[in-house]
Amino acid sequence: RYRSKGAAEALIQGGMKGERIFAAYGDWNQEKGRKLTLDAINICGDKLEVIFCGNDAMANGAREAVIEQ
């Protein structure tokens, strides 16, 4: 939770504008990361620009989901 918050705050402090449009917990699990990313893509569509993941497994799952789309 704090990793994603810190990363988002760093982008804002760096001058980027944005808003959180989807948030969920993947429990450090690759398959959950994949499913949550698919959910985010389906819900947010083209508004989704950045995905923060708390570990490599969830990031790999998110990558898989993006490739599927």
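The values are calculated or read from the model by the stated rules, or taken from the named source; none is laboratory data. The structure displayed is predicted, hence computed values, not measured ones. Ideal geometry is used to build each Cβ from the backbone, glycine not excepted, and the neighbour counts take in all protein chains shown. Heavy atoms of the whole protein, side chains included, go into the accessibility calculation; ligands, DNA and RNA do not. Shrake-Rupley method; radii C 1.70, N 1.55, O 1.52, S 1.80 Å.
Based on alpha carbons, the Rg and Dmax found for the chain are 11.8, 33 Å. Give me the percent of the accessible area of the chain that comes from carbon and sulfur atoms, probe 1.4 Å, all protein chains in place. Summing carbon and sulfur atoms, their accessible area is 49 percent of the total for the chain. The charge dipole of the chain, taken about the Cα centre with unit charges on the Cβ atoms of Lys, Arg (+1) and Asp, Glu (-1), comes to about 220 debye, rounded to the nearest 20. Computed from phi, the 3J(HN,Hα) profile of region 24-36 under the Karplus parametrisation 6.51, -1.76, 1.60 (θ = phi - 60°) reads 7, 10, x, 6, 6, 10, 5, 5, 5, x, 5, 5, 5 Hz, with x in place of Gly and Pro. Mind pulling the angle between the C-alpha long axis of helix 56-68 and the longest principal axis of the chain? Nearest 10 degrees, somewhere in 0 to 90. It is inclined by approximately 70 degrees.
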